[in-house]
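Some notes on the structure that comes next.
The values are calculated or read from the model by the stated rules, or taken from the named source; none is laboratory data. This is a predicted model, so every value here is computed, not measured. As a convention, Cβ positions derive from the backbone with ideal geometry for all residues, glycine included, and neighbour counts pool all protein chains shown.
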């Protein structure tokens, strides 16, 4: 497998020149994110990702995690890598210093997190879930729960999990049957089974803190009757020392298409009388609380899509540079040439590169909005940023993970027949990527969330504000010279027009009460959002590249490559919006027209 190189240069460029890390660093509580510190963090993260995590990626895929005599064992090298990860402080980067965190912005955490996922997706899943558990308990846990659990989760001494899905309740959490019974001493007894639990059990840490959705006997029906509980693998004494083993165990590990080294567990709670759990917040508000963790995870999964796209691109690019096959078009006298000289291979590589860079920029932009929503001193600014992060979360999750699968598939194609052979490693990226559009809410669910909750609920107000900001970029491009800026501006303006028309159709259709038509159009609508938002970020990157080319001392080759990639996205990707708009407004005519028995 071709070695992984962390995309430090592009991350640094985006943070400092495109998404506005300087504005984030000016917020209260974020002032530690100085340019020198951030650059140092990126460099060290890149070294760790490439030097420690990436070499284990292939090992993990071949050997996987196994359940032996009731103990889940991760692949060789995993435990040592996790120890180094913790000792280096990577688990604590974005969290509050009062719990042992380093207090850096989530924007920086997103940049670093992409490197973990790109180097080793199976490994990166463990800290991804733990950071979501920290986020949830920080927001909704009691003072005692925060004091007991957060320092050890932040430090990485313990890890966290999310326990939602059950055999009969996938995305339909109203069907959750896991039961919680009041024990009379302030605790609850939890009984039931959860499936698809990422890192539900493992040998990396001495304790695992499970966050579990369960239903009380007298709870109301549906999602309003779900409560949330902390269920430690090892019970914790009030002084933080380990107590007895709780009544929770890994019943089995799933056999999967990809992410082999990530132990995806079937968890059994209460086989011997009931696992001891502790209520988070109030009874029957568990799903509301769990959305804090889910939204954190959705952004993290979107970053996984970016990361796997980058990894697949790197591998395909390096393979294309060395694979000699056929004479290149236009070279009448030459012999066989590296396939990177063939136009169709170059087209695929540019498609991969542009998609990875556009989705990366959008994810980092989402990080800036998250930091602004949490730290800005002005309430109106916080509210506006929260509306923006709410809007882009389903787009980052769904659009970026679709991109991860598509780019990984193109990576196999660039390799040709060798891509279908496991030894090259291209197939692993494709297999690993395929889970991303499914978990943390399928991409269809994300599309419905965007259409109904994020656009329909406020009558399109947040969407219109975002569209207005995109149009400001179009106006700014008018002042820039050259054909590149003109081409990017023209295609971006056309894409924004299509998205605006689709948005007004979506708002109007829901206002007319036609939820079926809106739902039928939701997926192409989200794809339209992602394509245009990605084009907007690439346009901003192009403007920054043009500025760099005017300055002495700038990396001219990097800037020129960024400009070419941005123009490729504008001319080859943004025109697809012209097809997505009709797909949105006409979907109702055919999607629901087929009788069930005709399928």
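What are the residues in segment 451-473 that are under 12 Å from residue 539 (Cβ atoms) and surrounded by 19 or more Cβ atoms within 10 Å (Cβ to Cβ), if any?
Across segment 451-473, the qualifying residues are 470, 473.
Going by the structure shown, is residue 226 in contact with a helix residue (DSSP H, G or I) (Cβ under 7 Å, 6 or more places away or on another chain) and at pLDDT 95 or above?
yes
Quick check on my filter: what residues within segment 510-554 are outside any helix (DSSP H, G or I) and free of Cβ contacts under 8 Å to residues at least 12 places away in the same chain?
Applying the first criterion (outside any helix (DSSP H, G or I)) to segment 510-554 yields 512-514, 551-554.
512, 513, 551, 552, 553, 554, listed by residue number.
Here are 98, 114: which of them is modelled with pLDDT of 95 or more, outside any loop (DSSP other than H, G, I, E, B) and surrounded by 18 or more Cβ atoms within 10 Å (Cβ to Cβ)?
Sole residue among the options that is modelled with pLDDT of 95 or more, outside any loop (DSSP other than H, G, I, E, B) and surrounded by 18 or more Cβ atoms within 10 Å (Cβ to Cβ): 114.
Any residue that is more than 18 Å from residue 6 (Cα to Cα) and buried (at least 21 other Cβ atoms within 10 Å of the Cβ) - is there at least one of those in segment 34-57?
no
Pick from 67, 56: which is in the same structural domain as residue 110 (by TED's automatic domain parsing) and in contact with a strand residue (DSSP E or B) (Cβ under 7 Å, 6 or more places away or on another chain)?
Step by step, each of 67, 56 is checked, and only 67 is in the same structural domain as residue 110 (by TED's automatic domain parsing) and in contact with a strand residue (DSSP E or B) (Cβ under 7 Å, 6 or more places away or on another chain).
In segment 474-489, is there at least one residue being surrounded by fewer than 18 Cβ atoms within 10 Å (Cβ to Cβ), more than 24 Å from residue 562 (Cα to Cα) and touching a helix residue (DSSP H, G or I) at 6+ places or on another chain (Cβ under 9 Å)?
no
For residue 480, only one of the following conditions fails: (1) within 22 Å of the chain's Cα centre (by Cα); (2) part of a loop (DSSP other than H, G, I, E, B); (3) touching a residue at least 60 places away in the same chain (Cβ under 8 Å). What is its number?
Failing condition for residue 480: (1).
Just the residues that are under 22 Å from residue 142 (Cβ atoms), crowded, with 24+ Cβ neighbours inside 10 Å and either touching a residue at least 60 places away in the same chain (Cβ under 8 Å) or outside the structural domain of residue 254 (by TED's automatic domain parsing) (or both), please, taken from segment 189-210.
Matches in segment 189-210: 190, 209.
Among the residues of segment 138-148, is any surrounded by 24 or more Cβ atoms within 10 Å (Cβ to Cβ) and in the same structural domain as residue 38 (by TED's automatic domain parsing)? Break it down stepwise before answering.
Start the filter on segment 138-148 by keeping residues that are surrounded by 24 or more Cβ atoms within 10 Å (Cβ to Cβ), which leaves none.
Within segment 138-148, not a single residue is surrounded by 24 or more Cβ atoms within 10 Å (Cβ to Cβ) and in the same structural domain as residue 38 (by TED's automatic domain parsing).
Right, residue 224: in contact with a strand residue (DSSP E or B) (Cβ under 8 Å, 6 or more places away or on another chain), surrounded by fewer than 16 Cβ atoms within 10 Å (Cβ to Cβ) and touching a residue at least 60 places away in the same chain (Cβ under 8 Å) or not?
No; evaluated as a whole, the condition is false for this residue.
May I ask you to say which residue of 45, 33, 133 is in the same structural domain as residue 14 (by TED's automatic domain parsing) and not in a helix (DSSP H, G or I)? If you could, list the steps in order and put the result at the bottom.
On the way: 45 fails: not in a helix (DSSP H, G or I); 133 fails: not in a helix (DSSP H, G or I).
Of 45, 33, 133, the one residue that is in the same structural domain as residue 14 (by TED's automatic domain parsing) and not in a helix (DSSP H, G or I) is 33.
Check 319, 365 and return the single one that is more than 30 Å from residue 292 (Cα to Cα) and in a helix (DSSP H, G or I).
319
Here's the yes/no breakdown for (1) modelled with pLDDT under 95; (2) within 23 Å of residue 433 (Cα to Cα); (3) in contact with a helix residue (DSSP H, G or I) (Cβ under 9 Å, 6 or more places away or on another chain):
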position: 53; (1), (2), (3): no, yes, yes
position: 56; (1), (2), (3): no, yes, yes
position: 63; (1), (2), (3): no, yes, no
position: 78; (1), (2), (3): no, yes, yes
position: 81; (1), (2), (3): no, yes, yes
position: 87; (1), (2), (3): no, no, no
position: 91; (1), (2), (3): no, no, yes
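Is there a residue being closer than 24 Å to residue 410 by Cβ and in contact with a helix residue (DSSP H, G or I) (Cβ under 8 Å, 6 or more places away or on another chain) anywhere in segment 287-300?
So far as segment 287-300 goes, yes, one or more of its residues are closer than 24 Å to residue 410 by Cβ and in contact with a helix residue (DSSP H, G or I) (Cβ under 8 Å, 6 or more places away or on another chain).
So residue 318 passes all but one of these: (1) buried (at least 17 other Cβ atoms within 10 Å of the Cβ); (2) under 24 Å from residue 12 (Cβ atoms). Which condition number does it fail?
Looking at each condition in turn, residue 318 falls short on (1).
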